[in-house]
Amino acid sequence: MGKAKRVGILTAGGDSPGLNATIRGFGKAAIGYHGMELIGFRDGMRGLAENRHIELGAGALSGILTMGGTILSTGRDKVHKMLVDGEVRDMRPTIVENYERDELDALVLLGGGGTAKNALRLAEAGLNVLTLPKTIDNDLVLTDTTFGFATATEIATEAIDRLHSTAHSHHRIILTEIMGHRAGWLTLAAGIAGGADIILIPEIPYQVDSVVETIQARIKRGSNFSVVAVAEGARDLADAADYEAAQLLMKAANAPAAIKAAKTHVASVIDSQREHTFKLARELEAATGLESRVTILGHVQRGGTPCAADRLLATKLGTAAAELVAEGVSGVMVAARGEGTEPVPLEEVAGKVKLVPADHDWIKTARQVGTGLGD
Ligand code: F6P
């Protein structure tokens, strides 16, 4: 019998329901079924760079299926630009050294878009890396879905349900801001499931007049209240144009000074638009005469136990990843495909964002039940 494979696992990016369920699914299959050894790095990429890890035996994996958060903790560090002792450093050579020192055969990274980019950087540095698609935003390409999304959809839907009864009782407009700075999947899914009257997502810049029209049409029909599901990254036409222009400047910049200036400009545009849901609430109140309130769901959507669908997905993805490691496959994200899984090359995932297409079925569905999309 050959030497047991030794694998490192970590969680990176924002936390998300299902991280522990995925660690457990991978770990149980890797250790118990494939006879591997497993270590867990703390705090995402930073723990990898600092070689802070714990041995993960069967005991550590027991009882974590239903737990929210991540037993390994997480962080948003970038491997090629990490702030260390007040200096920005490229930690890839150190990570390669740690990988060799720990005698690892593979690294399994649980994360979203940022993690896919880090994974590709490490794969290009020669490490055997696999990722598992995590994010409540559901914005990773080439996977049907991501773990965390189903749970966050449940939470946001329940919030919309509860806001409905208070909006109705007070004859108010209630705007609920749902996470998703680039993609509107979560807002759209929860908005449809919760029967929001208006759904605003980043992919469809809205016109305040159109939102007002939908609310006034409802008032005419005797519904003197409205629930508006607003994505964190939704913008009205003018803000969307400013944001687009800033992004274009950023893409065009190629000298260090120009890049720095473009980055500062993008940050200031984003900052000036941060309160957009409150601004919209004021505009709607002024135009319709209905009192308006804002509820920002924020990190509530990322907390707590994963729902059954996410536990199933997490366990399926985790065990599939263990099988791929056993077969010696790396450089891939393990995607969810139909009822199964499929490895897809990291190069095809890193740096891409899955946005809601204009002709997506959920968009048609929302329109056909009379939901306003602000356009
Ligand atoms: O990417 C997941 C996500 O929850 C986004 O929906 C949100 O914009 C972002 O993370 C918030 O990040 P943080 O927790 O770092 O504030």
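Residues of the range 58-69 include none that is within 21 Å of residue 129 (Cβ to Cβ) and of a type outside the set (S, T, N, Q).
The residues on offer are 13, 8, and the sole one that is in contact with a His (Cβ under 9 Å, 6 or more places away or on another chain) and under 22 Å from residue 332 (Cα atoms) is 8. Entry remark, the range 280-302: residues being surrounded by fewer than 18 Cβ atoms within 10 Å (Cβ to Cβ) and over 25 Å from the mean Cα position of the chain (by Cα) number 8 in total. Across the range 119-136, what is the total count of residues that are part of a helix (DSSP H, G or I) and not basic (Lys, Arg)? Of the residues in that region, 5 qualify.
Just to be sure I understand, how many residues within the range 296-319 are more than 16 Å from the ligand (Cβ to nearest atom) and either touching a Pro at 6+ places or on another chain (Cβ under 8 Å) or of a type in the set (Val, Ile, Thr) (or both)? Of the residues in that region, 6 qualify. In summary, residue 235 fulfils each of the numbered conditions (1) within 30 Å of residue 129 (Cα to Cα); (2) crowded, with 18+ Cβ neighbours inside 10 Å; (3) touching a strand residue (DSSP E or B) at 6+ places or on another chain (Cβ under 8 Å); (4) not aromatic (Phe, Trp, Tyr) with the single exception of condition (1).
Look at (1) basic (Lys, Arg); (2) outside the structural domain of residue 21 (by TED's automatic domain parsing); (3) in contact (Cβ under 8 Å) with a residue 24 or more places away in the chain and you find that residue 311 fails only one, number (2).
Limited to the range 160-198, what total is found for residues that are within 16 Å of the ligand (Cβ to nearest atom) and in contact (Cβ under 8 Å) with a residue 40 or more places away in the chain?
Here the count works out to 15.
Annotation: of all residues in the range 30-55 being in contact (Cβ under 8 Å) with a residue 60 or more places away in the chain and in contact with an Asp or Glu (Cβ under 7 Å, 6 or more places away or on another chain), the one that is nearest to the ligand (Cβ to nearest atom) is 44. In contact with a helix residue (DSSP H, G or I) (Cβ under 8 Å, 6 or more places away or on another chain), farther than 16 Å from residue 199 by Cα and modelled with pLDDT under 95 - does that describe any residue in the range 347-358? For the range 347-358, residues in contact with a helix residue (DSSP H, G or I) (Cβ under 8 Å, 6 or more places away or on another chain), farther than 16 Å from residue 199 by Cα and modelled with pLDDT under 95: absent. Of these, 200, 188, 175, which one is under 15 Å from the mean Cα position of the chain (by Cα) and farther than 23 Å from residue 12 by Cα? Result of the check over 200, 188, 175: 188.
A count restricted to the range 281-314 and to residues that are farther than 28 Å from residue 150 by Cβ and in contact with a strand residue (DSSP E or B) (Cβ under 8 Å, 6 or more places away or on another chain) stands at 8.
Would you mind stating whether residue 143 is within 16 Å of the ligand (Cβ to nearest atom), touching a Leu at 6+ places or on another chain (Cβ under 6 Å) and in contact (Cβ under 8 Å) with a residue 12 or more places away in the chain? The answer is no for residue 143.
The values are calculated or read from the model by the stated rules, or taken from the named source; none is laboratory data. No experiment lies behind these values; they were computed from the predicted model shown. Here Cβ is always computed from backbone atoms with ideal geometry, including for glycine, and neighbour counts include all displayed protein chains.
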